[in-house]
Amino acid sequence: MLVKDLRVRNWRNFEDENLRVGGEVTVLFGRNGQGKSNLLEAIYYAFAFRSFRTNSSRDIVRWGCSGAEIEVGFELGGFDRRLLACVENGRRSTTLDGKSVRRDTDSLAGAAAIVFAPEDLRLAKAPAAERRRALDRAVFAVHRPYLREVMAFERALKGRNTLLRRGEATRELLDSYDEILAVTGSRIVLRRRQVVSALAPQFAQAFAEIHGGAAASIRYRSDGRVGSVEGEAEIGEALRRGLAESRGLDQRRGFTGFGPHTDDLEILLGQRLAREHGSQGQIRSLALALKFAELLHVEERNREAPVLLLDDVASELDDVRRQRLFEVIASRTCQTMMTVTERRLLPDLPGRIDWQVREGRVEAAGQEA
Amino acid sequence: MSSAGPIARLVVELAKLPGVGEKTAARLAFHILRAPAEDAAALASAITDLRSKIRLCSRCWNFTEADPCDICRDERREPGLLCVVAHPQDVVAIERTGGYRGRYHVLHGVLSPLDGIGPEDLRIAELVRRCSEESLREVIVATNPSVEGETTAVYLAKLIRPLGVRTSRIATGVPMGGELEYADRLTLARAIDGRREL
C-alpha cells in the first residue's frame, strides 16, 4: 500500500489542510503541540476507523465544529483509491471511492497502518491492558474482521458486568451471557495465539540484533484452564467452565474476572519476565523488536506493505537504537511517516519529503532548515 | 411569517420520523399542502386511526386491529410451530417470504442490560406460558445475529428446552443469489460453521 495524499478538515487543531505524502519517508516537523501527531492519527483513523489515542469522537473534532473529515488518496493492489472518513455529531461513516464501506470490508484487506508512539516504548513494563491492545492491533492489521469479533466480545462482557453489578440477574440470564462470551472469546484467544506464534521468531531475531545478551521471547498467557487446551471448540468449553466457576466471585465483586480480557502478552528475557527484570535499555529494545516483527509479519501476510507511523519515536531513542531504526526503515519497502521536533536527529533518507507543522498549518519545507 | 406556523409545525413533526431530515420533511409538507384536500384528510385520519384502532394481540403481541390477530385466528396455520421475533416489522418480513406457515410471538425488543432491558421488559413470560399451554412442537428464534439478538436466543432456549419444546435458531450465512466470493469473511466463516448435511 502507498499513501499518496492526505486532507484533513476540522480534524483536531486543523481547519482545512492537505499534504502530499512521500513514497518513502515523510517527515512532519515542528515544535510540540503544533499538531504533528494529529496528522499521523488521521491516517491511522482513516484505515482503522478508530484512533490509537482516544475512544471519544468528541476529542478528534475541531473545537466548536460538529464534525470532521479525513480524505486519503492511496494505492492498493495497483489501483488508486480514495478513502473518506467522516465523524458527524459523534457518528462515524467511511466511504471508499464514494461507496459506503464497513471497517472490516474486504476492499480494504491489506491496507494497514502500524503506529509506533513513545508510550509503546514502555510496552514491556506497561499494564497488561496495553499489551492486549497492541496485540489486538497486530491481529487487526492482518485480519480486519477481528475488530467485529472483539467488539462483540466487549459488548457481551459489558452486558454481563452490568448484570453482575445490578445483582438481580437469574441463573439462566447469566448462563446466556457466559455462552456468548465463550463463543466470541474463544475466537479472540485463537487469533491472538496465532499472531503471537507468527511474531515470535522474528521478535527473537530482531532483539538479538538490536540488543544481544539474554534471548528475548514472547508468549500469550491465559488462565491455566484455557491455556492448556487447543482448538476453538475446546477453548470455548474451557471459557464456559471457567466463567461458571468464577461466577460466585464475580457476583460479589461486580465484574467478570475471568476471560481473554484478563490475558497478557508476556515478554521474557531468558526465563524471566521483562516487566519485572528488564533494564530501561532492554525495555526499549524489546519494544523496537516487537514493532519490527509486526512490520515483517504484516508485510508477509498481507503481501502488501503497511504504512509505518512513527510518532516522535526518534527523539526517545539513543543514537544506537535510532540508527538501527533508520536502517530498518531504509531496508524495508514500507512507507514511513514520522514526526520529529528536531530534524537534525534524522539521517538523509532517500525520497524524503519534509513538511513543517505550525499552529495547525502545514507548509512544505526543504530537506534542511 | 405568521402563515408559516402550521407548515413549520408539520415540518418539525415529520422530521421526527426515522430517516426523515429537515429537507425531506419540508418537501413532504409542501407536497401535502399542494395535494387535494381529501388526500391530506385521508393521511391525517390514517395516522389517527393507527393510534386509536391498533392494539397488541393478547396471544402473539403483534400489532393488530382485532384481538386475537388474523394470524393467531387463522386455522390453516400450523399449530405446533412458533416463530419468535424481536419486533412487529420482523413478522412482516417473514410473512413476505410466504414460506413460513406457523404462528408468531413478538418480544418487542431484545435483552440489553446496557440499555436497562431485562427479561421482564420483554414478552418473555408470555412466551414461556404459551410454551406450556399450547402444545408446541418447535419454537424458532428469529432475532438478529447481533450480540443482543444471540444472547436473547440463548436465553430463550434455556427457558424453553426444559419444557420439552424443541428450540431452533435461524441460520446465518451467505444470502441467496449471492456469490461466495463477494460474501464478507465473517459471514462466510459462519456459513461454514452452520453447514448442514445434504
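Here are a few things to note about the model shown:
- The single condition from (1) open to solvent by less than 30 Å² (accessible area, probe 1.4 Å); (2) small (G, A, S); (3) touching an Asp or Glu at 6+ places or on another chain (Cβ under 8 Å) that A:S315 fails is (1).
- Flag for A:R219 being away from chain B (no Cβ under 14 Å), buried (at least 16 other Cβ atoms within 10 Å of the Cβ) and charged (D, E, K, R): no
- Evaluation of B:G149 against the conditions (1) at pLDDT below 95; (2) under 26 Å from B:T172 (Cα atoms) shows that the sole unmet condition is (1).
- Look at segment A:111-140: where a residue is more than 20 Å from A:A274 (Cα to Cα) and a partner is open to solvent by 20 Å² or more (accessible area, probe 1.4 Å) and aromatic (F, W, Y), sitting 6+ places away or on another chain with Cβ atoms under 7 Å, you get A:V115/A:F52.
- Unmet requirement for A:A128, which otherwise passes all of (1) within 27 Å of A:G259 (Cα to Cα); (2) within 14 Å of another protein chain (Cβ to nearest Cβ); (3) of a type in the set (G, A, S): (2)
- In this entry, B:E150 is excluded by the filter for residues that are part of a helix (DSSP H, G or I) and either touching a residue at least 24 places away in the same chain (Cβ under 8 Å) or surrounded by fewer than 17 Cβ atoms within 10 Å (Cβ to Cβ) (or both).
- Residue within segment A:262-273 that is over 27 Å from A:D5 (Cβ atoms), touching a residue at least 12 places away in the same chain (Cβ under 8 Å), surrounded by fewer than 20 Cβ atoms within 10 Å (Cβ to Cβ) and hydroxyl-bearing (S, T, Y) present: yes
- Hits in segment A:99-134 - residues which are open to solvent by less than 70 Å² (accessible area, probe 1.4 Å), closer than 30 Å to B:L188 by Cβ and not in a helix (DSSP H, G or I): A:V101, A:R103, A:D104, A:T105, A:A109, A:G110, A:A111, A:A112, A:A113, A:I114, A:V115
Listed here are the residues, each with its yes/no results for (1) open to solvent by 80 Å² or more (accessible area, probe 1.4 Å); (2) more than 18 Å from A:I180 (Cα to Cα); (3) touching a residue at least 12 places away in the same chain (Cβ under 8 Å).
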| position | (1), (2), (3) |
| --- | --- |
| B:R137 | yes, yes, yes |
| B:I140 | no, yes, yes |
| B:T143 | no, no, yes |
| B:L156 | no, no, yes |
| B:P162 | yes, yes, no |
| B:I170 | no, no, yes |
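- Candidate set from segment B:66-85 (those that are assigned to a loop (DSSP other than H, G, I, E, B) and touching an Asp or Glu at 6+ places or on another chain (Cβ under 9 Å)); member that is most open to solvent (accessible area, probe 1.4 Å): B:P79
- Residue check, A:G185 more than 9 Å from chain B (Cβ to nearest Cβ), surrounded by 17 or more Cβ atoms within 10 Å (Cβ to Cβ) and in contact with a Phe, Trp or Tyr (Cβ under 7 Å, 6 or more places away or on another chain): yes
- Within segment B:92-105, the presence of at least one residue that is open to solvent by less than 40 Å² (accessible area, probe 1.4 Å), within 20 Å of A:S176 (Cβ to Cβ) and in the same structural domain as B:A191 (by TED's automatic domain parsing) is confirmed.
- Residue identified as more than 12 Å from B:V85 (Cα to Cα), away from every other protein chain (no Cβ under 14 Å) and among the small types (G, A, S) among B:A183, B:A157, B:A125, B:A171: B:A171
- The listed residue being open to solvent by 20 Å² or more (accessible area, probe 1.4 Å), in a loop (DSSP other than H, G, I, E, B) and away from every other protein chain (no Cβ under 12 Å), out of A:A169, A:A214: A:A214
- Failed criterion for A:R160 (all others in (1) surrounded by fewer than 17 Cβ atoms within 10 Å (Cβ to Cβ); (2) facing chain B (nearest Cβ under 10 Å); (3) modelled with pLDDT of 90 or more hold): (1)
- Filtered residue count, segment A:306-329, keeping only those that are in a helix (DSSP H, G or I) and either aromatic (F, W, Y) or under 27 Å from A:F140 (Cβ atoms) (or both): 8
The values are calculated or read from the model by the stated rules, or taken from the named source; none is laboratory data. As the structure is a computational prediction, the values presented were derived from the model and not from experiment. Backbone-built Cβ (ideal geometry, glycine too); neighbour counts: all protein chains shown. The area values use the complete protein model at the heavy-atom level, side chains included, leaving out ligands, DNA and RNA. Shrake-Rupley method; radii C 1.70, N 1.55, O 1.52, S 1.80 Å.
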